[in-house]
Structure formats: C-alpha cells, structure tokens
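Heads up: the structure comes next, in structure tokens.
The values are calculated or read from the model by the stated rules, or taken from the named source; none is laboratory data. Just so we're clear, the structure is a prediction, and the values are computed from it rather than from any experiment. For neighbour counting, all protein chains shown are included, and Cβ atoms are generated from backbone atoms with ideal geometry for every residue, glycine included.
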Amino acid sequence: MTIAKKITASAIALVMGASTFSAQAKNAAEQDDGRLEVGYLNCSMVDGANFVVYSTQEFICSFENPVSNEEELYAMEIRKFGVDLSVTDEETLRWAVVAPSTFEESGVLEGRYGGASADAAVGYSIGARALVGGGEDSIALQPVSVSTGEGLGAAIGVEQMTLTFKGAQTKS
C-alpha cells in the first residue's frame, strides 16, 4: 500500500470516528443544556496558503438565522498547525450549528473556535474538523464538519478558526 493510500485510509477512518463522536456529542448537548441544532453554516474557500507545518484558509460563509429570518454573512479564517502536505484548489465546508434554543441577535456565531482536523485528497478531498467555541463558548459547530473539494495530499493538525460577522439581510 502506498503512503498516499495509507494517509487517505487513515483520514477516512478519522472522519468515520469523528462522525460517531459528533452524533454522540450533539445528542448530549441537546439533552444536557438545552442547545438545539438550529441550522447550517455554509462556507466556500476564497484564499489559502500552505507552509507544511502551518497553513491558513479564508472562507466566506452564510447562515440562515431561523429566529430573525435573516441570511447572515461571515468571514472565516482557519489557521492550522501540524503536518499539511496538501494542495487544494477549492473547498467547501458545511457545519451544523448547535446553539441555545432561543437567540434573537444577528451575528451570534461570531467568535473564536478551536480543535482538531484531518483532510485527505486524491483528486477529490474529504475532511473532518472538531471545533467548539463562539461567543462565551455557547455555540458548537456540529462539532464535526465535513469538507469537500479538489486537490492532492493530506493534512492533520490543531486548528484555530475565527468567524467575523459581516452583516445580515432579510430573506424574501
């Protein structure tokens, strides 16, 4: 088995394990502290740089706020420390948002998040991120996101993510 296949198999195993963790964590959050899945944060990569042990990616994101009926826009920056031997042409992320059952303010997702990530790509890519944080640590983003894109390589590391609220508009 080639190194690329071993890395890909390891990343797929991590994604599958993270998915199981995600379901258990989400159920525990909903039962223990009243947080509910309230929607999805959808993000598309607009820029990125890779320096093997440190990489950055920038995304533009949208969230449909179920309480205010607004589409909120966010700028996202992800900084990864670890091993990143990948080249990615494009990437999209989709996060399930777990939040307090009642929130009325726009921009509630703004804040810093941290955790771990793993990605693998041979043509198409797949990845998983386990991040928590946000305003007063009250928001969890899934806590595992699944990413898709196109590229080549593999990456694993510790991530810091910052979401910056850019505005909202009422959906028609």
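Just one residue in the set L41, L93 is under 18 Å from Q142 (Cβ atoms) and at pLDDT 90 or above; that residue is L41. Here is a check on your reading of the model: is S147 hydroxyl-bearing (S, T, Y), part of a strand (DSSP E or B), under 20 Å from I60 (Cα atoms) and modelled with pLDDT under 80? Answer is yes for this residue.
All conditions but one from (1) within 23 Å of V108 (Cβ to Cβ); (2) at pLDDT 90 or above apply to K80; the one that does not is (1).
Among the residues of the stretch 38-55, what is the count of those that are in a strand (DSSP E or B) and more than 17 Å from the chain's Cα centre (by Cα)?
Of the residues in the stretch 38-55, the ones in a strand (DSSP E or B) are 38-50, 54-55.
Those still in the list that are more than 17 Å from the chain's Cα centre (by Cα) too: 49-50, 54.
Final tally of qualifying residues: 3.
Check whether at least one residue in the stretch 7-29 is farther than 23 Å from I126 by Cα, at pLDDT below 75 and buried (at least 16 other Cβ atoms within 10 Å of the Cβ), and report yes or no.
Taking the stretch 7-29 as the starting set, the residues that turn out to be farther than 23 Å from I126 by Cα are 27-29.
Right, trim to at pLDDT below 75 and you get 27-29.
Add one more test, that the residue is buried (at least 16 other Cβ atoms within 10 Å of the Cβ), and what stays is 29.
Yes, some residue in the stretch 7-29 is farther than 23 Å from I126 by Cα, at pLDDT below 75 and buried (at least 16 other Cβ atoms within 10 Å of the Cβ).
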